[in-house]
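Beneath this line is the structure, given in structure tokens, with notes to follow.
The values are calculated or read from the model by the stated rules, or taken from the named source; none is laboratory data. If you're wondering where the values come from, they're calculated on a predicted model, not measured in any experiment. Because the Cβ atoms are built from the backbone with ideal geometry, glycine has one as well, and the counts that use them run over all protein chains shown. SASA here: full protein model, heavy atoms, side chains in, ligands and nucleic acids out. Shrake-Rupley method; radii C 1.70, N 1.55, O 1.52, S 1.80 Å.
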Amino acid sequence: MKNYIIFGPPGSGKGTLATQISELHNIKHISTGDLLRERSTQKDELGLMISGLIDNGRYVSDDTIKRVLEEEIKKHGNFILDGFPRTTTQIHMLNSLFENLPEENKPIAIILQAQMNTVLERIRSRSKIENRADDSDQILKTRMTEYLKKTQPVINHYLKFSTSIGLDGNKTKEEVFNDFQIKSDE
Ligand code: AMP
């Protein structure tokens, strides 16, 4: 049974693809964005700090992620991680969580790419349904900047050191899922 980590800018369809893959392989879909949004509904100090960062498009600190993720990850055997690792420090966190995994269970990296106009269009239509504070055009710019500055180096790391599957996120969700299945069988 395989484990996966999935990367893609906001609006690339990574959450959708992660859901499809988790159903296909019957593995747990762990989204750090969802975990954080859920945690932020508790209006204590940690919850308020998390929503303050998310709503402004800024990444949450590595320590906070560690706290929220560690418990969740221990509950499940095989998984697809959506939204983690997002910084180079988080690569080390992931490695130490899975230090003792045999080579065949080391996570496979899925990398979705999408053009700015695709991403903008998708986020604009999602914002009509979900009403997330971080989906405004202005906050989206900050999220993109965070992604390029902090997450692109993480992607480069996995391209170099791990098995990876690159996908064109400009295509429809059915096409992307189909491409994934073809490429993961190769
Ligand atoms: P997402 O749903 O994956 O787009 O995540 C939404 C927001 O949650 C991001 O813009 C960040 O503020 C925060 N977030 C999610 N995962 C992480 C992470 N691994 N490290 C830091 N911040 C995160």
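Annotations for the structure displayed:
- Exactly one residue out of 182, 108 is surrounded by 15 or more Cβ atoms within 10 Å (Cβ to Cβ) and either among the aliphatic types (A, V, I, L, M) or in contact with a Pro (Cβ under 7 Å, 6 or more places away or on another chain) (or both), and it is 108.
- The listed residue being farther than 18 Å from residue 184 by Cβ and either more than 12 Å from the ligand (Cβ to nearest atom) or without any contact (Cβ under 8 Å) to a residue 24 or more places away in the chain (or both), out of 1, 49: 49
- Where residue 145 falls short, out of the listed (1) open to solvent by less than 50 Å² (accessible area, probe 1.4 Å); (2) under 29 Å from residue 94 (Cα atoms); (3) out of contact with any strand residue (DSSP E or B) (no Cβ under 9 Å at 6 or more places or on another chain); (4) hydroxyl-bearing (Ser, Thr, Tyr): (1)
- Selection count where residues are charged (D, E, K, R) and more than 13 Å from the ligand (Cβ to nearest atom), scope region 4-46: 5
- Strands (runs of 3 or more DSSP E) wholly inside region 1-114 that include at least 3 residues being of a type outside the set (Phe, Trp, Tyr) and within 28 Å of residue 180 (Cα to Cα): 28-31, 79-82, 108-113
- Look at region 68-93: where a residue is among the β-branched types (Val, Ile, Thr) and a partner is near the ligand (Cβ under 8 Å from one of its atoms) and open to solvent by less than 10 Å² (accessible area, probe 1.4 Å), sitting 6+ places away or on another chain with Cβ atoms under 6 Å, you get 91/85.
- When residue 126 is tested against (1) within 16 Å of the ligand (Cβ to nearest atom); (2) within 17 Å of residue 3 (Cα to Cα); (3) of a type outside the set (Gly, Ala, Ser), only condition (2) is not met.
- Test: residue in region 71-81 that is modelled with pLDDT of 95 or more and within 16 Å of residue 6 (Cα to Cα): yes
- Residue 122 vs. criteria under 16 Å from residue 12 (Cβ atoms), in contact (Cβ under 8 Å) with a residue 40 or more places away in the chain and of a type in the set (D, E, K, R): yes
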